[in-house]
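What follows is a set of notes on a single structure, which appears directly below.
The values are calculated or read from the model by the stated rules, or taken from the named source; none is laboratory data. Computed from a prediction, not measured in an experiment: that's the story for all the values here. Glycine also receives a Cβ, built like all others from the backbone with ideal geometry; neighbour counts cover every protein chain displayed.
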Amino acid sequence: MDFAEFSRICEHLEGLSGRLEMIAEIASVMPSLSDDELPVFVRFVMGRVFPDWSPLKLGIGPNLLYDAVAYVVGKKREEVVRSVSGNGDVGRAVEMLLASKSQTSFFSESLDLTGVYGDCRRIAETEGSKSQREKLRIVRGLFSNAGPLEGRYLARLLLEELRIGVGEGNVRDAVAQAFSVDASLVAHAHQALNDLGEVALLARRGEDALRDVRIEPFRPVKMMLAQQGTIAEMVTDHGAVAVEYKYDGTRFQFHRVGDECRVYSRRLEDVTAAVPDVIEALSGAVAGDVILDGEVIAIKDGRPRPFQFVLRRFRRKHEVEEAIGRVELVPNVFDILYLDGETLIDRPFSERRRILEETLASSVAPQWVSDDSSVLEGIYADALTAGHEGVMVKALDSAYTPGVRGRNWIKVKPAVDTLDLAVIGAEWGEGRRAHIFGSFLLACQREGELLPVGKVATGFSDEQLAAIHETLRDLVIAEKGKEIVLEPTIVFEVGYAEIQQSPNYSSGFALRFPRFVRMRQDKSVDEVETVEGMQGRYDRQFRSV
Ligand code: ATP
């Protein structure tokens, strides 16, 4: 498929508002694509380049993109920046700039989908001191072969934000429609593989291929998540349930095949090099090739430390040995997803637990099973006394559903109202903070779209604001006076006094007295609060407790 054709499809999709029309359009394209093109198309149309689990990251910031476009259109970088600010959208700006390009290169070749993907791979694989220059060279090459409309979608794709309103849900349904397979099988395979591109290839082979989906070591699986709830409702719904401590650490996944072990973070990044102590604790204790799920906590001077200690280590690339001396990381394993070639995620939790206990000699998180609420409440009280965040209550007959925040896992902890929201914009500070960002526009999500809920400007120390500025300044997409549009990659946890309904923000909600609590560097933007979640919190405010 030519990239020009892909761009026309994107333009058409951008103009559609109905979900069903959108799904039908995407589904109509898929059957005619080759096996090489299909996974690329599926990811590109969602604004993604690589599967979520892949270690490959494109890592093109707006600045590199502006430099490449400036070169291709023969303008100064500042002019490109001005044009993007004026348009409020990098895609439209690049389209206009390419349209006004006075001279087209005589050597221009047409771009095709797999060729663009190949260039993206080369960009992601470029390493070393000259990598920026090499990336710039490849991106320039892409834009010099792009027409105006291609430029619009190429620019957005390279920043991994296509803005055509196509989310995972739409593409999942389109895959089912395109190959006439059951949508729930597509959803199940997607949970396991964490890549709709590959799921589309399985769907083309038929329902049996989807049913037979396997997970594989060294290909991290999205973590199963929990909803908030109470012990009493879990006992009412399920009878006997499993209860474990809710550790205040960081989620991790441990993969082992033979002598090779890898550890992945909640965002599925490979953090193996930073955590030799975790590897040592687990590799000696495990029999067989496994994928384990757990929470790692930090211990310093014999005492558990808050989860930021773990994160600091997860991000460490150098002087790991020295860091281990100061803070020890202790894994607590509570699930097993794979053993010696067998995928276990569809087995009931009670069976997975038995296998886990047979497979791992130490580091297994303690668990209690009971149908007596008062016994379970006693364990909850003990957990809080011991300094844990609370307890996790789990349904014994439940499958492991990767990436799903369902009601089979319930977290019980003392009520503190905080929200995880995406940072989508900023404003310059005032007075002594005039040289850094001082207030931040936050958003929740609906079907992959980020919708504003208001600004947060309090709760920061000067050091925190300076550190946040450092992180965000490379993410600036456009600047209009004091208003700065940011590439949404950072998540803030914020406290608030109340959620209000508001016509001022497209989410329909606003926060009263928002206050910054911390950056959630372990979370990605697709994990922020949903509009339904906001609605639930809003409704609960009116319920007497
Ligand atoms: P929170 O902000 O409350 O930690 P979260 O949004 O980070 O929540 P949730 O899915 O809501 O994540 O809560 C579950 C998290 O609790 C898991 O992701 C995991 O990191 C942590 N956790 C601690 N102990 C356990 C346990 N025994 N079983 C499962 N998860 C646990």
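Among the residues of this structure, Val393 counts as one that is surrounded by 19 or more Cβ atoms within 10 Å (Cβ to Cβ), within 11 Å of the ligand (Cβ to nearest atom), modelled with pLDDT of 95 or more and more than 20 Å from Lys222 (Cβ to Cβ). So which residues in the range 492-522 are modelled with pLDDT under 90 and within 16 Å of the ligand (Cβ to nearest atom), if there are any at all? Gln521, Asp522 - these are the residues of the range 492-522 that are modelled with pLDDT under 90 and within 16 Å of the ligand (Cβ to nearest atom). Checked against (1) modelled with pLDDT of 90 or more; (2) away from the ligand (no atom under 16 Å from the Cβ), Leu475 passes all but condition (1). Candidates are the residues of the range 4-47 that are in contact with a Ser or Thr (Cβ under 8 Å, 6 or more places away or on another chain) and of a type in the set (A, V, I, L, M); the one that is nearest to Leu98 (Cα to Cα) is Ala4. Of the set (1) part of a strand (DSSP E or B); (2) within 11 Å of the ligand (Cβ to nearest atom); (3) closer than 29 Å to Val257 by Cα, all apply to Ile336 but (2). The C-beta contact set for the range 294-314 (first residue under 12 Å from Gln521 (Cβ atoms) and outside the structural domain of Val275 (by the TED database), second residue within 12 Å of the ligand (Cβ to nearest atom) and among the acidic types (Asp, Glu), distance under 8 angstrom, 6+ apart or interchain) is empty. Restricting the range 207-228 to residues that are more than 16 Å from Ala187 (Cβ to Cβ) and more than 16 Å from the ligand (Cβ to nearest atom), which is farthest from the chain's Cα centre (by Cα)? So the residue we want is Asp208. For the range 150-172, does any single residue satisfy the condition of being part of a helix (DSSP H, G or I), among the small types (Gly, Ala, Ser) and over 25 Å from Val525 (Cα atoms)? Scanning the range 150-172 turns up at least one residue that is part of a helix (DSSP H, G or I), among the small types (Gly, Ala, Ser) and over 25 Å from Val525 (Cα atoms). Checked against the criteria, Ala155 counts as surrounded by 23 or more Cβ atoms within 10 Å (Cβ to Cβ), more than 30 Å from Ala209 (Cα to Cα) and either at pLDDT 95 or above or in the same structural domain as Gly403 (by the TED database) (or both).
Just one of the listed residues (Glu527, Glu463) is charged (D, E, K, R), out of contact with any strand residue (DSSP E or B) (no Cβ under 8 Å at 6 or more places or on another chain) and within 28 Å of Phe307 (Cβ to Cβ), and it is Glu463.
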